[in-house]
Every structure is written in C-alpha cells, then in structure tokens.
Amino acid sequence: MAINHNGLPERGWHIFMGVLTTVAGMVVIAWPITSIEVLAIVVGAWLVVIGTTQIVWALKARKAGTKVEHVVDSLKPSPVG
C-alpha cells in the first residue's frame, strides 16, 4: 500500500517497516534452529524502531494539535465590552 499510494502520510516509514519485517521473515526461514537468537536481536531492533516512530508521530500530532487550537482560538468572536 505504501509503495502504490504516494499521498500516504509517513510513507517512508511504512515502506521501511515492511522491508524490516520481510528481512526478519527471511532470517527465520534461513536459520530455523538458530533463529531464536537472531530473531531476538531483530525483534529488539524492530521494537526500538517502532518506539522511535511512535514518539516522532506523537510529537508531530502534538504540534498539529497546537496549530489547530490556535486557529480555533482565532475564530472565536471577541467579547464586546
């Protein structure tokens, strides 16, 4: 989906996560006996990437929310005194 839809928000991150998941699957197929150690490393790295991505998205959402609040506040009628 991320490759076909250019307008997808954070498209690069979705493509990156797809590639990372595919690599993890290849590791499990290539080394089924020793894959537990390798999978632990890959999953650990994957979790770090997911956590970092969520932090970045949360900060962007917070920034967008602040912009929305400013726009909404500017649209409120001023009190007539």
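None of Val43, Val19 is in a helix (DSSP H, G or I) and over 15 Å from the mean Cα position of the chain (by Cα) except Val43. Taken over the range 1-27, the criterion of being open to solvent by 50 Å² or more (accessible area, probe 1.4 Å), over 21 Å from Ala61 (Cα atoms) and at pLDDT 80 or above is satisfied by Val19, Thr21, Thr22, Val23, Met26. Screening Ser35 with (1) of a type in the set (S, T, N, Q); (2) closer than 30 Å to Ile3 by Cβ; (3) loosely packed, with under 11 Cβ neighbours inside 10 Å gives one miss only, at (3).
In the range 49-78, what residues are of a type in the set (Lys, Arg) and within 20 Å of the chain's Cα centre (by Cα)?
The first filter runs over the range 49-78 and keeps only residues of a type in the set (Lys, Arg), leaving 60, 62-63, 67, 76.
Listed by number, the residues that qualify are Lys60, Arg62, Lys63.
Cβ-Cβ distances below 8 Å connect the following pairs, each with a first residue in the range 37-66 that is under 25 Å from Met26 (Cβ atoms), a second residue that is of a type outside the set (D, E, K, R) and open to solvent by 60 Å² or more (accessible area, probe 1.4 Å), and a separation of six or more residues or different chains: Val38/Trp31; Val42/Val23; Trp46/Thr21; Val49/Phe16; Thr53/Trp13.
The values are calculated or read from the model by the stated rules, or taken from the named source; none is laboratory data. Small disclaimer: the values here were computed from a predicted structure and weren't measured. Using ideal geometry, Cβ is built from the backbone for each residue, glycine included, and neighbour counts are taken over all protein chains shown. We work out accessible area using only protein heavy atoms, side chains counted, and drop any ligands, DNA or RNA first. Shrake-Rupley method; radii C 1.70, N 1.55, O 1.52, S 1.80 Å.
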